[in-house]
Structures are given as C-alpha cells and as structure tokens.
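Have a look at the structure below before the remarks.
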Amino acid sequence: MGQIIHQVQIESLKFEGLTFQHEGHDATFNHVDFEFPTNQILWLNSTEGAGKSTLLQILAGLVVPKSGKYLINDVNVTEMSFEEFLPFRLAIGFSFDYGGLISNRTLFDNLMLPLVYHKLLSPEDSKEQVMSLFERFDFVKFKDERPAHVPGRLRKLACLLRAFVLQPQMVLLDDPSVGLGQETMYEFADFLNEKMKFGNLKHLVISSYDEKFMNLFDGTVLHIEEGQIYKNTEPQEKKVAHL
Amino acid sequence: MNYLLSQIDGMGRFVTKQLEYTFHVLMMVYLSFRATILDQAQGLRTIVSVISAQIYFTGFQALPLITTLALTTGGILILQGMGNLTLLGGTGMIGNFLVVVLVREVAPLLTALVVIARSGTAVASEVGNMRANREIDALESMGINPLSFIVFPRVLGGVISVMCLAFYFIVISLIGGFLITRFLHSMPLNFYTESLLNAFAKEDVLIFILKNSFSGMIIFVVCCYQGLSVKKSPHEVPQATTQAVVNSIIFVTMFNLAVTALVYIGKLKEIGVI
C-alpha cells in the first residue's frame, strides 16, 4: 500500500470482434472491428440509444464487453483485473453526462480525490493545481460547498474538470456541453483546445448532440449505426460560428 | 402430481437462489479483502479515516439506544430470573441464567438488530444512492476500487462497532440492570457479582467473539452488496434497503442459531449423551 502507479502512454486503441449487450437488450455493438484515430478529437455523433455512452464506458474500462478484444497499445485490456488495468485507467479521464460527483465531499475535495488517492503530486502541488481550475472557471467561492448545494452548472463543470486533474492522455466526455451555460461552454472549449495543443492531452473523445459546441473543435466524426462504428470521411461542415 | 412437482420445483429454485446469493456475498467479502491488500495506492490513512467514521456512526451514535435497551433488558431478565429461580430455590443460579441468556444470546442478537436498523439501512441506502448517482462508476473511472474504498472500511468499521456495542450492552445490562431493579429485590451486590463471575467460562469469550464479529460482517457485507446491486435508478434504493434489512436479519439470526446449536451439541458430547 502507498505505492505510486504511473500512467502508461496510450498509442493506439482498437476493437477486435467486440460485442457488447446490455442485459435484456439487443446487442449495442456487434462484432466490431475498429481502430480509433489517435492524437485528435473524436466526435461521437449518432442517434439516441445508438450506444455513444456505452462506447465511452467501454473505452474507459467501466463496462466489460461480452466478447471480443479491446486493445490499448495492442494489449487486450478486457481480461485485466482492476489492478492490472490501473496504469491504463490513470491515463484516461472520464466525465459522465450527469452525476458522478461524490455527494458527501465538497467540490474541492472531489477534484482533489484522485490526486490525493494516487499521490501523483505533493499535497501542495495538488492544491495549487485544483485551485487553478477553480480560479480559471471563476467558482472559487463554491469550492467548499457540497455538490447538492451548488447550481447544476457548477456540478457539471466540477465533474468535467475532475476528469483532467490526473493530467490524462485520453479524456472521454459524455455530453459535456449540456447544462454548462453558454459562457462556460466557450471557456471550457478553449480549455480543451489548450489541453490538446499544449497539455498532456492527446486523445479526446466527445459524445455530443451539440453542433454549436462541437463546431469549436477540429476533429473526426464517428457514427454508430446498427452495432457498428463508422468514421465520417466527409470534412466536417461548420454550421455555427464562435461568436 | 403436477402440483407436487411444481412445489418441489419452486422450492428448488428458492434454495438455488439463496445459495447463489450467499455465494455472491461471500465473493464480495473475498474481493474486497483482496482489493484492499492489492490496492497499492490506497494509504492506511484513507482506510483509517473511513473506518473511524463508520465506528463513529455505527458505534458511538448508537450508544444512547443501546444503553436504554441494555438497561431495560438487563432489568427484565434479572427480575424474571430472580422471580422464577427463587420459586425453584435456585437463586444462586442467577449468574448462570444471565450468562446463558443475556451474554450468549440476547446481547449479540439485540445489538445486531439495532445495528441493522440504524446503520445497515444507512449503509445500504448510502451505497445504493452512490450507485444511482454514478459515484461508484466515477470512483472506478478515477482508478479507485470501490471494494477497497467503500466496502472494506465499512465492513471492518462495522465489525469493530458491533463487537464494542455488544460488550457495552453486556456490561450495562448486567450492572445497570441490577442497579435499576434494586428497589424491587433484596439480592446483595456481592452475591450477584460472585454468582456472575462463577458462571463465566472461557467458551463465553469464544462465543462472544464468534457471534458478534460474524454478525457485524454479515450485516455490513449484505448491506453493501444490496446497495451495490442498485443498477441505475434511485427508485431501486428503497427496495435495496428493505432487502438488505430482511437478508441481514435472516442471515444473522440463522448464524446465531447455528453457533448456539454447535455449542449445544458440544455440551451433549462433553457429558457423553452423544
């Protein structure tokens, strides 16, 4: 106990014959063979119920496929135990479309939790890093409040920011713009673009219906249809400008 | 004939379901211990802080209720014991009566029931709400194993609390029960204490440890398991909590009965009946 686990470098992500099925439902993914483009932003854009959130959860290792392989750096991670997968997990940040904040901890403690738990930084550096996020998004005065006592916008924001505190190489965001508010949404988009350009972040996967938000990024669009993943080869048409 | 077969079939299903449930619960015990040992990141400080919080909520905050229960139960048993034993001319057996009934049976059972009612429900609903609010998934996504972070400290804290509460129950019921009923009987204190000390045996310590430690473990493992069995929706939480209470009571009482039966068989062997 008390050892420091380091992240692995994520170079490639691949599905081989992957099948996933929710209990009592048809297969969400059916023998999928797909290599995810890396070092870019991927936009999952499909109809509701197609399996976008499920795909993000598979990529994060939160759900285990029924069969097939999920390869990170050509290593099959589906059969790994929690402890074996941990170095991969620390390289992956994840934010849910709703919920996810620990309700009996303050927003500050929620953001500190992964840093304190994994001891990747000293307590002082951890505090400094977390405080810089509160300051950047201008919600320092809510830092000592519990999630139930702050507006939904800040809950969503805190949950999104927590995905970045371990400086992961890959971040998976499920409907990040919903409930953020316009101003925060633009600030957050700038934050993501900065992380991709200057930070540790190499692979960003976003599931969203929000074209206005997604037009703020350059990337590849992925579609899920009839249990398969397709890459959109057409250049993305910008419909809404960042005003 | 068909009716009989369907009854047997139903019974078979019930037994299989119960065995499957017991297996899952035991697996969770194993996995939470394994996760705690293998978890290289979780420091002792993190575990200790959750354990101490659990002891505070389960043990310390239950003291007023346990005190009331212990005093009244102790008083009732002393009065009943005195009343009936005096009629039979066996006042000197009051110590044996209290050790057998109160120390071995009533204290572990009542303590477990109080803990189920107060803390078991709290743990089941807390963990269930965490599940519905995706906090458990969020912990996993941060590389924190919920079995070592949530389950293990609650189980260990629960075991320690139940043992301390049961000990406290015994002390308060034996001493306090005697004192509050003193004006109703004329038994001298030194006679009472001597009778009690003569009645205590080594096996009472063993029974105390066995019953209370396992009761604590059963309660908190079952309640965590039921809480974790919530899938997505908050409407499942009350159902999970109710089920946690029902299953905890069944498992705890069955375990207590099994230990008592084993001790009884041991006694029969000792005196050469079997």
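The values are calculated or read from the model by the stated rules, or taken from the named source; none is laboratory data. These numbers come from a predicted model, not from an experiment. All Cβ positions, even for glycine, are placed from backbone atoms using ideal geometry, and neighbour counts span all protein chains on display.
Suppose we keep only residues that are out of contact with any Leu (no Cβ under 8 Å at 6 or more places or on another chain) and surrounded by 13 or more Cβ atoms within 10 Å (Cβ to Cβ) within the range B:23-33. Which one would you say is farthest from A:Glu84 (Cα to Cα)?
Among residues in the range B:23-33 that are out of contact with any Leu (no Cβ under 8 Å at 6 or more places or on another chain) and surrounded by 13 or more Cβ atoms within 10 Å (Cβ to Cβ), the one farthest from A:Glu84 (Cα to Cα) is B:Val25.
If you go through the range B:87-141 one residue at a time, how many are within 14 Å of chain A (Cβ to nearest Cβ), farther than 30 Å from A:Phe88 by Cα and among the hydroxyl-bearing types (Ser, Thr, Tyr)?
Count: 1.
Might you let me know whether the range B:57-64 holds any residue that is under 30 Å from B:Gly143 (Cβ atoms) and within 14 Å of another protein chain (Cβ to nearest Cβ)?
yes
Would you point out which residue out of A:Gly24, A:Gly49, A:Gly17, A:Gly2 is small (Gly, Ala, Ser) and at pLDDT 90 or above?
Sole residue among the options that is small (Gly, Ala, Ser) and at pLDDT 90 or above: A:Gly17.
For B:Gly74, are the conditions met, namely being more than 14 Å from every other protein chain (Cβ to nearest Cβ), touching a Ser or Thr at 6+ places or on another chain (Cβ under 7 Å) and buried (at least 24 other Cβ atoms within 10 Å of the Cβ)?
The answer is yes for B:Gly74.
Quick one: which of B:Ile55, B:Ile76, B:Ile37 is under 17 Å from B:Leu147 (Cα atoms) and either assigned to a helix (DSSP H, G or I) or modelled with pLDDT of 95 or more (or both)?
Of the residues listed, the single one that is under 17 Å from B:Leu147 (Cα atoms) and either assigned to a helix (DSSP H, G or I) or modelled with pLDDT of 95 or more (or both) is B:Ile37.
To keep it simple, each residue is scored yes or no on (1) surrounded by 13 or more Cβ atoms within 10 Å (Cβ to Cβ); (2) in contact with a helix residue (DSSP H, G or I) (Cβ under 7 Å, 6 or more places away or on another chain); (3) at pLDDT 90 or above; (4) under 30 Å from B:Leu44 (Cβ atoms).
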| residue | (1), (2), (3), (4) |
| --- | --- |
| B:Ser161 | yes, yes, yes, yes |
| B:Leu165 | yes, yes, yes, yes |
| B:Ile180 | yes, yes, no, no |
| B:Ile249 | yes, yes, yes, no |
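State which residue is nearest to the chain's Cα centre (by Cα) when the search covers only the range A:1-28 and only residues that are closer than 25 Å to A:Tyr209 by Cβ and away from chain B (no Cβ under 14 Å).
A:Leu13
Quick check on A:Phe137: is it among the aromatic types (Phe, Trp, Tyr) and within 11 Å of another protein chain (Cβ to nearest Cβ)?
In short, no.
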